[in-house]
1. Hey, any hits in the range 46-68 for a residue that's touching a helix residue (DSSP H, G or I) at 6+ places or on another chain (Cβ under 8 Å), within 23 Å of residue 95 (Cβ to Cβ) and touching a residue at least 60 places away in the same chain (Cβ under 8 Å)?
2. Criterion first (closer than 18 Å to residue 41 by Cα and surrounded by fewer than 19 Cβ atoms within 10 Å (Cβ to Cβ)) does residue 119 satisfy it?
3. Just one of 7, 60, 15 is polar (S, T, N, Q) and surrounded by fewer than 17 Cβ atoms within 10 Å (Cβ to Cβ); which is it?
4. For the range 101-133, what are the residues that are hydroxyl-bearing (Ser, Thr, Tyr) and either farther than 21 Å from residue 87 by Cα or assigned to a loop (DSSP other than H, G, I, E, B) (or both)?
Amino acid sequence: MDWGLDTSALLRIATQQPADLAARVTDRIQSILDGGATVCVSDLVVFEAYYALQHSYHATKAEAITAILAISRQPGFKFSETAISALSRPNADRMSPGLIDRMIAGEYAARGLRVLSCEKDFRRLEGTEVVGD
């Protein structure tokens, strides 16, 4: 049986804080992987971790992206193609639209949908329509 990872567990892996809980999470994930299962990380968990790393752990955008991307590259972890694409872009921390908006647009595109937004930066993305001034 595959498992889904919650934001709290992803943050323990990313920050290694608190150390005792991070070690227990890491050990449990290793036992899941040793059993042949995959650990899936939803886009919502990526969003939450991205913001939590910045606001609760005082990481820069670049540090948050690097930490999440490093976990996504570990064997047995499965992130969406949309998340991997957005996290892997050069200068992902300085792009406009930002990481979260790119993941939103990417998820919709993967489902064959267009995006309607009021955010001007969405004009830079294919398959979007911006309503507003």
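1. The answer is no, given that none of the residues of the range 46-68 is touching a helix residue (DSSP H, G or I) at 6+ places or on another chain (Cβ under 8 Å), within 23 Å of residue 95 (Cβ to Cβ) and touching a residue at least 60 places away in the same chain (Cβ under 8 Å).
2. no
3. Among 7, 60, 15, only 60 is polar (S, T, N, Q) and surrounded by fewer than 17 Cβ atoms within 10 Å (Cβ to Cβ).
4. Within the range 101-133, 117 is the sole residue that qualifies.
Per-residue answers, yes or no, for (1) β-branched (Val, Ile, Thr); (2) over 14 Å from residue 5 (Cβ atoms); (3) not assigned by TED's automatic domain parsing to the domain that holds residue 27:
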residue	(1), (2), (3)
48	no, no, no
62	no, yes, no
71	yes, no, no
79	no, no, no
82	yes, yes, no
109	no, yes, yes
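The values are calculated or read from the model by the stated rules, or taken from the named source; none is laboratory data. This is a predicted model, so every value here is computed, not measured. Every residue, glycine as well, gets a Cβ built from its backbone with ideal geometry; the counts of neighbours run over all protein chains shown.
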